[in-house]
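Here is the structure we will look at, set down as structure tokens.
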Amino acid sequence: MKVKKAVIPAAGFGTRFLPATKSTPKEMLTIVDKPAIHYNVEELIEAGIEDILIIIGRNKEDIANYFDRSPELELFLKENGKEELLELTERISNMANIHYVRQKDAKGLGHAVHCAKTFVGDEPFALLLGDDLVYATTPCIKQLADMYETYESTIIGVQNVDKSQVNKYGIIDGLKVGENLYEVKDLVEKPSIEEAPSNIAIMGRYILTPDIFHMIEETPPGKNGEIQLTDALRRLNQQKEIYAYLFDGKRYDTGDKLGYLIATVEYALRNEELSEDFRSYLKKLL
């Protein structure tokens, strides 16, 4: 069964980027010339998924406004002969079939995902975390979706991290069963360096089966009263096989200040319009 739907949770407060995120959703912070969430929607479209649910919270209307039409702006651009900008603006509002639902209470990623239950129905779906960008020749979600078509089980996108960084991620304990593929034996949310079962970290990309919703419903709140997706996946893993796929690509944590700056610099260096002049500037600066 093909993956046709996707969910992007975007209801968080973005506290790591205060005070900017006091009035601007963290997902709308720009990487060169596009908001971070735009790159995620592009990844889904390139993977053949155009039915997308974005889970928003209070004061996140800017996200919906961005992907909506702007008749006043379109008219202004048309009347002033700015055809390229008009085409760009119209293309954004026609990118995909984007839906929205509000997470009324900030009760963790598991709770946010559960808000997508009605939208998903009984289909598998892609889950992308809004903080994470992945630059890859083959879209990361397509890599995972292709694996899902073979195994028809939950697929978690992972990468190796330095052992000193394992306490920042969900970590899997897995048995290698194929090239870049692991059968998950356990998942641990942000373990200590001493207790981490591996350095294989979950990287904000998933293909989930709809039975995850029942697991979330059975998962009690943990730290800070939040329902963790990792805890729900552990429950699911006791009943069904879950796989972790070591995807190809470079992941950026744009919810972190340093990660955001790294993403901005590297995406700028890939931009045909900017790369030559920007590279020259950096050489002079350094």
- Task: Kindly provide the helix-only [θ] at 222 nm of the chain, computed as the sum of -39,500 (n - 2.57) over DSSP H runs of four or more divided by all residues, to the nearest 500 deg cm²/dmol?
- Result: -10000 deg cm²/dmol
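Sort the following peptides by mean Cβ neighbour count (other Cβ atoms within 10 Å, averaged over residues), highest first: 18-26, 155-163. Write down the numbers at each step before the final one.
Values: 18-26: 14.9, 155-163: 19.9.
My ranking of the peptides, most packed first, is 155-163, 18-26.
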- Query: Taking the chain as a Gaussian network, Cα atoms linked when under 10 Å apart, which of 132, 253, 122 shows the biggest mean-square fluctuation?
  - Reply: 122
- Query: Put +1 on the Cβ of every Lys and Arg and -1 on every Asp and Glu Cβ in the chain; which of 135, 188, 224 then has its Cα farthest towards the positive end of the dipole?
  - Reply: 224
- Using alpha carbon centroids, what distance separates the stretch 201-235 and the stretch 98-121, in Å? 12
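Using the beta-carbon distance between residue 238 and residue 190 and R0 = 25 Å, what value does 1/(1 + (r/R0)^6) give for FRET efficiency, to the nearest 0.05? Could the numbers behind the result be given before it?
Details: r = 21 Å, r/R0 = 0.82.
That pair, residue 238 with residue 190, gives E of 0.75.
Using Cα pairs closer than 8 Å and at least 6 residues apart in sequence, work out the relative contact order for the stretch 5-285, in percent.
Details: 509 pairs, mean separation 62.1, N = 281.
It rounds to 22 percent for the stretch 5-285.
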- Output for the stretch 153-223: chymotrypsin sites (Phe, Trp or Tyr not before Pro) sitting in coil per DSSP, at most 16 other Cβ within 10 Å, listed by number, reads none
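Once the piece of chain linking residue 97 and residue 286 is laid out straight, how much longer is it, given 0.36 nm per residue of separation minus the C-alpha distance between them? Before the final figure, lay out the partial values.
On the way: separation 189, 0.36 × 189 = 68.04 nm, distance 4.42 nm.
Difference between extended and current length: 63.6 nm.
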- Message: Taking Rg and Dmax of the Cα atoms in Å straight from the coordinates, which label in (1) 17.0, 51; (2) 22.0, 73; (3) 19.4, 64 is the correct one?
- Response: (3)
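Which order results if 234, 69 are arranged by neighbouring Cβ count within 10 Å, fewest first? Mind dumping the intermediate values first?
On the way: 234 19, 69 13.
Result, fewest neighbours first: 69, 234.
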- Task: Taking 7 Å along the Cα-to-C-beta vector as the label spot, tell me the residue 180-residue 13 distance in nanometres, rounded to one decimal.
- Result: 3.8
- Message: Could you work out the relative contact order of the stretch 1-153? I mean the mean sequence separation of Cα pairs under 8 Å and 6+ apart, divided by the number of residues, in percent.
- Response: 39
- Amide H to amide H, which residues 5 or more places from residue 54 or on other chains are under 5 Å from it, using H placed in the peptide plane? 8, 99, 100, 101
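Which order, highest average first, do 242-251, 170-179 follow once you tally other Cβ atoms within 10 Å for each residue and take the mean per peptide? Could the numbers behind the result be given before it?
On the way: 242-251: 21.0, 170-179: 16.6.
So the order, starting with the most tightly packed, is 242-251, 170-179.
Only counting other Cβ atoms within 10 Å, I'd like 131, 33, 256 sorted with the fewest neighbours first. Intermediate values should be presented prior to the final figure.
On the way: 131 24, 33 12, 256 15.
So the residues, fewest neighbours to most, are 33, 256, 131.
Bear in mind that the values in this text are calculations on the coordinates, not laboratory data. The structure presented is a predicted model; accordingly, all values stated were derived computationally and were not measured. Please note: Cβ atoms are built from the backbone with ideal geometry, for glycine as well, and neighbour counts cover all protein chains shown.
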